[in-house]
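The values are calculated or read from the model by the stated rules, or taken from the named source; none is laboratory data. Bear in mind the structure is a predicted one, so any value in this text is a computation, not a measurement. Cβ: placed from backbone, ideal geometry, glycine included. Neighbour counts: every protein chain shown. Side chains included, ligands, DNA and RNA excluded: accessible areas come from the protein's heavy atoms. Shrake-Rupley method; radii C 1.70, N 1.55, O 1.52, S 1.80 Å.
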Amino acid sequence: ITRDGKLHALGSNTGLHLAAPATELESSAAPRRVPLPGPAVSVHASGTGSHALLQDGRIFAWGKGATRFDPAASYAGVIPPQVPTPVALPTPIKKLAAALGQWLAVDADGKVWSSGGLGTYPVTHNRPAAVGESSGMPLARDVAVGGNGHALILGVDGSVWRIGSGGGAGYPPPDTLPFSPAAAAWTAMPRKVLGL
């Protein structure tokens with residue numbers, strides 16, 4: 001990202017991270033401008049999808065794994081956007097973390113949003129969803145995403161919340177069978193890390 005917010009990419013276009021159709025561009029040895037409708041403040045690129053947060057709080061996604069978040073999409077929803085496509089969220093975002101096609105975002109009020117498969121149960125089929133509202137989690141200050149369903153959320157009160165495993169967050173209820181829907185729900189939802 002340049003000082004004025006212009007985003008550039010280079011290298012192979014195998015994961016479509018150059019924001020150009022694979023048929024148009026296989027690679028770029030020099031920085032190539034990624035077409036965004038405004039200045040970028042952060043970028044998150046991987047082989048499974050790229051995301052950029054713009055200065056005005058909008059998120060754009062492109063490439064493999066960056067699912068099109070269109071509730072009306074059916075077959076088209078599984079085709080990766082080859083150019084930056086806006087993610088439909090009801091509020092501007094101030095912080096974005098992404099890895100392996102999954103993301104968490106914090107809005108100006110501290111509410112956490114996810115790509116839909118992260119921190120929600122049942123999974124919302126990769127449509128943006130609010131996270132933590134039923135778990136007692138406070139508003140958030142920061143987020144981190146490791147991919148494969150793992151993430152951390154830092155609350156405004158200094159508490160840490162974990163998604164994706166019970167490490168440091170206790171254990172599922174004793175009557176919960178491994179691999180049961182209850183165990184899946186317990187692992188998928190934000191859980192406070194104990195002892196901090």
Exercise. Does the stretch 70-82 include one or more residues that are among the hydroxyl-bearing types (S, T, Y) and either at pLDDT below 75 or open to solvent by 30 Å² or more (accessible area, probe 1.4 Å) (or both)?
Worked result: yes
Exercise. In the stretch 1-60, which residues are of a type in the set (G, A, S), in a strand (DSSP E or B) and open to solvent by less than 40 Å² (accessible area, probe 1.4 Å)?
Worked result: A9, G11, S28, A40, S42, S46, G49, S50, A52
For this session: Mind listing whichever residues of the stretch 148-169 are over 16 Å from A98 (Cβ atoms), modelled with pLDDT of 60 or more and of a type in the set (G, A, S)?
Result: G155, G158, S159, S165, G166, G167
Exercise. For the stretch 27-58, what are the residues that are within 18 Å of P81 (Cβ to Cβ) and charged (D, E, K, R)?
Worked result: R32, R33, R58
Exercise. What is the residue count in the stretch 111-147 for residues that are touching a Gly at 6+ places or on another chain (Cβ under 7 Å), within 19 Å of S165 (Cα to Cα) and at pLDDT 75 or above?
Worked result: 5
For this session: Could you check how many residues of the stretch 83-110 are modelled with pLDDT of 80 or more and part of a loop (DSSP other than H, G, I, E, B)?
Result: 12
